[in-house]
1. Could you figure out which of (1) open to solvent by less than 20 Å² (accessible area, probe 1.4 Å); (2) in a loop (DSSP other than H, G, I, E, B); (3) touching a strand residue (DSSP E or B) at 6+ places or on another chain (Cβ under 9 Å) isn't true of C:Pro246?
2. Has region C:270-292 got at least one residue that is under 21 Å from the mean Cα position of the chain (by Cα), open to solvent by 10 Å² or more (accessible area, probe 1.4 Å) and within 14 Å of chain D (Cβ to nearest Cβ)?
3. Quick check on my filter: what residues within region A:243-261 are facing chain B (nearest Cβ under 10 Å) and touching a Phe, Trp or Tyr at 6+ places or on another chain (Cβ under 9 Å)?
4. Among the residues of region D:250-275, which ones are in a strand (DSSP E or B) and out of contact with any strand residue (DSSP E or B) (no Cβ under 9 Å at 6 or more places or on another chain)?
5. Of everything in region D:218-242 that's among the charged types (D, E, K, R) and within 26 Å of D:Val206 (Cβ to Cβ), which residue is nearest to the other protein chains (Cβ to nearest Cβ)?
6. Got a sec? Which of C:Arg98, C:Arg25, C:Arg42 is within 14 Å of chain B (Cβ to nearest Cβ) and farther than 30 Å from C:Gln226 by Cα?
7. Looking at C:Ala155, C:Ala231, which one is within 30 Å of C:Arg42 (Cα to Cα), aliphatic (A, V, I, L, M) and either surrounded by fewer than 23 Cβ atoms within 10 Å (Cβ to Cβ) or within 17 Å of the chain's Cα centre (by Cα) (or both)?
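The values are calculated or read from the model by the stated rules, or taken from the named source; none is laboratory data. Being a predicted model, the structure only gives us computed values, none of them experimental. So basically every Cβ, Gly included, is an ideal-geometry build from the backbone, and we count neighbours across all protein chains shown. To get the accessible areas, we keep the full protein, side chains included, count just its heavy atoms, and leave off ligands, DNA and RNA. Shrake-Rupley method; radii C 1.70, N 1.55, O 1.52, S 1.80 Å.
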Number of protein chains: 4
Amino acid sequence: MTATDKKAKIGILGASGYTGAELVRLLLRHPRVNICLLTADRRAGKAMADVFPQFSPYHLPTLAALDAVDWKKLEPDLVFCALPHGTTQKVVKDLLARVPALKVVDLSADFRLADVAAYERWYGHPHAAPELQKKAVYGLSEIYREKIKKAQLVANPGCYTSSAELALIPLLQANAIDPDAIVIDAKSGVTGAGRGAREDMQFAEVSEGFHAYGVGQHRHMGELDQEFSLAAGREVIATFTPHLVPMNRGILSTIYARGLKAKPQDLHALLLKSYAKEPFVHVLPFGAFPQTRHVRGSNMTFLGVVADRIAGRAIIGSALDNLTKGASGQAVQNMNLMLGFAETMGLEQVALFP
Amino acid sequence: MTATDKKAKIGILGASGYTGAELVRLLLRHPRVNICLLTADRRAGKAMADVFPQFSPYHLPTLAALDAVDWKKLEPDLVFCALPHGTTQKVVKDLLARVPALKVVDLSADFRLADVAAYERWYGHPHAAPELQKKAVYGLSEIYREKIKKAQLVANPGCYTSSAELALIPLLQANAIDPDAIVIDAKSGVTGAGRGAREDMQFAEVSEGFHAYGVGQHRHMGELDQEFSLAAGREVIATFTPHLVPMNRGILSTIYARGLKAKPQDLHALLLKSYAKEPFVHVLPFGAFPQTRHVRGSNMTFLGVVADRIAGRAIIGSALDNLTKGASGQAVQNMNLMLGFAETMGLEQVALFP
Amino acid sequence: MTATDKKAKIGILGASGYTGAELVRLLLRHPRVNICLLTADRRAGKAMADVFPQFSPYHLPTLAALDAVDWKKLEPDLVFCALPHGTTQKVVKDLLARVPALKVVDLSADFRLADVAAYERWYGHPHAAPELQKKAVYGLSEIYREKIKKAQLVANPGCYTSSAELALIPLLQANAIDPDAIVIDAKSGVTGAGRGAREDMQFAEVSEGFHAYGVGQHRHMGELDQEFSLAAGREVIATFTPHLVPMNRGILSTIYARGLKAKPQDLHALLLKSYAKEPFVHVLPFGAFPQTRHVRGSNMTFLGVVADRIAGRAIIGSALDNLTKGASGQAVQNMNLMLGFAETMGLEQVALFP
Amino acid sequence: MTATDKKAKIGILGASGYTGAELVRLLLRHPRVNICLLTADRRAGKAMADVFPQFSPYHLPTLAALDAVDWKKLEPDLVFCALPHGTTQKVVKDLLARVPALKVVDLSADFRLADVAAYERWYGHPHAAPELQKKAVYGLSEIYREKIKKAQLVANPGCYTSSAELALIPLLQANAIDPDAIVIDAKSGVTGAGRGAREDMQFAEVSEGFHAYGVGQHRHMGELDQEFSLAAGREVIATFTPHLVPMNRGILSTIYARGLKAKPQDLHALLLKSYAKEPFVHVLPFGAFPQTRHVRGSNMTFLGVVADRIAGRAIIGSALDNLTKGASGQAVQNMNLMLGFAETMGLEQVALFP
């Protein structure tokens, strides 16, 4: 490391949630960053180890209240926003007003929809920072890499959407499937719901059972519509159903495609080619289907294509860890692009299985 | 109970597996039967409590080898066959040759397909008892009740298929959906795989992860084809993908229907009407989606219908316990019909949640 | 059933929690009771099926606010109190003032400690109904059966304490072990913590991990002290550590006993004799150790005794389902005694495994 | 990295099991080693990705049969033996005869007991390589660091024993507790049992339940006896009971100590001092108790000390990941010592929670 390789100063807003903890896990082992700020309003004054004891052996800043941060003194290079949906837009607006050169990776849904009207329709209130929404870059690195490198504000994608988009965007771009007949049956571990206490996320409510939720209507649909339509060059509206799996981490999207313009093997070849040089997207051999456990704790997405027994149809699988590639790992990948680091830096962990 | 209400003598062939244990659980509390025979070749000579310690407090026959049974002396009224697929057909053939009046509920797949050619295609070998296959009645009580009452040999349906068929048969009979566009995304607990030691069913291979299997090709498809085609009065081939959930019991089928001839609400009304008098099929209010945990350990199937955001499409959910309504509970329901008992007898357990 | 066998009218106060749901599960199948009242203040006006969808197929009273109950009109024979610790004593006091003949089984900790001073020490506030505390009978049926039959108010024991007491009371009564060297290492499923949303009971906080809590100090100790001292005829204070297992139901107490006055086999013989006629306590063969899964959903307690490799020591196992024998099943057993029904009525369910 | 920093060549014998996979996970990210050999007799010829798909994105040697290895050509610097107990001693003997300079870290139990008679007593057969057993160094790095640095053959400790020994050895060395009254109640995840298919390790046999095994007699006792006696300078025999937790990874030992020579706080201070400079043993603040989830996937051991309510007694907790610090992480730590690398190299992963 040369003298110019000084470490970047990084802040995490909302460090007491699961995506916050996952950022800390990854950044503690990132060779080019220092964590200089951790905020958590309800837990301000506590040590991170009080909130997440796995960090007991490490030195980390005490949790601070967001309002109490001395930005001038701190001068962070980049902050991750891991705050709740809806409140983030105002926080980021204020922050950029105070620290104009600051780079931001936002993990909430607040800046993902480029269309102000679509945001209002899906989230039920007008956007509080429409001028920022215009500048924000959608942070799916494999698709928007060059834009992300130059962005000040990156909207990290949703976990379900990342999973489905990595599988389908190349196919829609190539016009290889019928865009009007997509069915995405998605299954997620519980950490996607965050850490806040909810009766329906209690162990006894989740374990030894399986259910769907948001059937027919789910906010991630707006994001899918945007990205699928951009990829296809026409409006695409897919059927999408999320389910809750009694496990902590992982998303598997089982995607049903019809109206194939070519053989299922050709879909596979297309994905293989699209991601040939991507470090974090791995296409399994034709006929193999991905499992969430094989990407747990890693930043990998595994894709698989299988022929349906019905001609002209294929079943596509996409598996990622919702907290890593589906959230905090993707966010670090975006940080690497924004700060000029190697894209894989700090993200080389091998999946933890069993 | 009058003098004529003497108890029926019941045998269970293959009592050391999960469906065997589930039969014992239910029959121990059935007021009109006595368990007179339990077979388990590999464990012959052992007590049932050695194999399933939950039965320690109860008096049960010692596990016997099938070949060692003295049928003349025993004179059972009905036996449940919970033996592996493929071997059952020969066992039942021999058994009926020896005990011609015996009634049989077979829980394997051996007698489910009425068409000998279809059996051979799906199972890879010719059927060993084609004359019995012709006599066997498909044991989905809600659909074939009257035939089951008169049957000597009932082929208990598969767990996945029961789940999908109860949801779709009334809709196909009414020509309410497009029969060429059905997608069934099914998720099952692990007990569907049986008790035999398999590396891929070890706790560490299943927990904290989610995956599909048999993608594109699965033996339950033959059964679905048969029943869906019968219901629709034309050939129906559906897309079907099974998945494994890290839980013991339960199947949820998420079913995507298109080409609706009427509103999703009308599909719901149709199911509600079809099952109005059925004790074991409960249709949730329109818009509600079933969860496997709410039927755990009970013989209930919960159905739900939700409108997709895309017009002309609906999402239908069907949840049952694969060991109860999906196997042994359904088998006892068939036994009740075959022996003239009240259909719900011994099956009134309320679901165990949490 | 004769004309005099009319059904008893039963109320459940606090029906929206797990012990409430478990009471409903059991009472729905009890041939001699009708559930005439379900209260749940926060959910008043809702159907029980909204709170616990497994009850959708059954007719049950709408959830009522406690204050809105018309006791005169309702005239229940017995109510179960499944309300939070601390608030119950006042509720029961008021209730008995209004309905003097009412029988009550209280599932909270409020009336378990006969000694007012001990209550205040363990719970941190003076008891609000000391005169009732004096009348309350400790509801461990196997030990206090005759008193329970005549009681108006029964204090249902804690789940951990039932597990440890059934194992140790006969041994302490017989002076068979050193009362000063008892170590109870107990492990419980999560439902013991109730249904209320708590961050530390979220699925992701509990699954794939194991921990102790209340180490060194836990409220169940007061109850253990009382019952062990009564059994031994001298003061007994045991070491007790509870742990949380990532499972819904079940408690296993691993109990270390020293200073054996005889061989470990003799401890086993003593337990076998003590419980020879008990329908809900089953002593496994010497050397076998109980598992929680084999009592799941049943009212059984399984006990086991194993010799330690160190002479003069034994290891005793006690397994029960914390919601059934450890709470609601025990409560129904007490109700049966109090109302003169057969003690096992409604409690004959066989354990649900797998 | 300088020219002299060439990478060491490492082999893994028995790579298709869980400890093998964990070694690969860790070594793939170790900057100073190359994996040059993976053996797995039953799976020889397969890719590691066929056996553990999480390794699909990485280049690894094809699985080889042990007999087919060309040792001359390969010239490994060190091999890890992750072979079954009992067979390893012969394998290592043959191996060292062929490759005399080879260093070996053995993860089996074969070389852990220095006393040949003790080995025969616990394992039921004479040791096949007693001369090697004499040379083998017990590989608990924190205790035997200097010997390990010079060793050719290191016997990696058992997972249960590492957990208990790290907690108790300093206390026994200091004569701070009664060595005749130790009770170790240990709880482990399922991966400790290995990957081979076993009926009792099937998901449905393990989930939603809890049980003890090896009660009164367990092979790890021999190892505990050896190390505790060495530490105390007299014979120490402890009571030890292992339990199975429905989780993949982690061991928690709840240890009951009596006869304290000083206050529980002094035990805590003693542990704190003993491990002040150790990178992989972290002592929590007095009164805090460790949880397995906070060390998952890391090489850390968390220790905690709590005062019992009974004077003169303390409860000590020790948590580690049985596959990492309890097996493969400990093995890599030993490799680092044996090959002169920094002890923490390749072991810096932060725990994965949630």
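1. For C:Pro246, the exception is condition (3).
2. Checked region C:270-292: at least one residue is under 21 Å from the mean Cα position of the chain (by Cα), open to solvent by 10 Å² or more (accessible area, probe 1.4 Å) and within 14 Å of chain D (Cβ to nearest Cβ).
3. A:His243, A:Leu244, A:Val245, A:Pro246, A:Met247, A:Asn248, A:Gly250, A:Ile251, A:Leu252, A:Thr254, A:Tyr256
4. Within region D:250-275, the first condition is being in a strand (DSSP E or B), and the residues that meet it are D:251-257.
None; the set is empty.
5. Initial filter on region D:218-242 (among the charged types (D, E, K, R)): D:219, D:223, D:225, D:227, D:234-235.
Retained after the next criterion (residues that are within 26 Å of D:Val206 (Cβ to Cβ)): D:219, D:223.
Values: D:Arg219: 12, D:Glu223: 14 Å.
Per the stated criteria, the residue is D:Arg219.
6. Details: C:Arg98 fails: within 14 Å of chain B (Cβ to nearest Cβ); C:Arg42 fails: within 14 Å of chain B (Cβ to nearest Cβ).
Being within 14 Å of chain B (Cβ to nearest Cβ) and farther than 30 Å from C:Gln226 by Cα holds for just one of C:Arg98, C:Arg25, C:Arg42, which is C:Arg25.
7. Exactly one of C:Ala155, C:Ala231 is within 30 Å of C:Arg42 (Cα to Cα), aliphatic (A, V, I, L, M) and either surrounded by fewer than 23 Cβ atoms within 10 Å (Cβ to Cβ) or within 17 Å of the chain's Cα centre (by Cα) (or both), namely C:Ala155.
Yes or no, residue by residue, for (1) touching a residue at least 24 places away in the same chain (Cβ under 8 Å); (2) in contact with an Asp or Glu (Cβ under 7 Å, 6 or more places away or on another chain); (3) of a type outside the set (D, E, K, R); (4) over 26 Å from B:Ala21 (Cβ atoms):
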{"position": "C:Ala232", "(1), (2), (3), (4)": "yes, no, yes, yes"}
{"position": "C:Val245", "(1), (2), (3), (4)": "yes, no, yes, no"}
{"position": "C:Gly250", "(1), (2), (3), (4)": "yes, yes, yes, no"}
{"position": "C:Gly259", "(1), (2), (3), (4)": "yes, yes, yes, yes"}
{"position": "C:Gln265", "(1), (2), (3), (4)": "yes, no, yes, yes"}
{"position": "C:Lys273", "(1), (2), (3), (4)": "no, no, no, yes"}
{"position": "C:Phe280", "(1), (2), (3), (4)": "yes, no, yes, no"}
{"position": "C:Phe289", "(1), (2), (3), (4)": "yes, no, yes, no"}
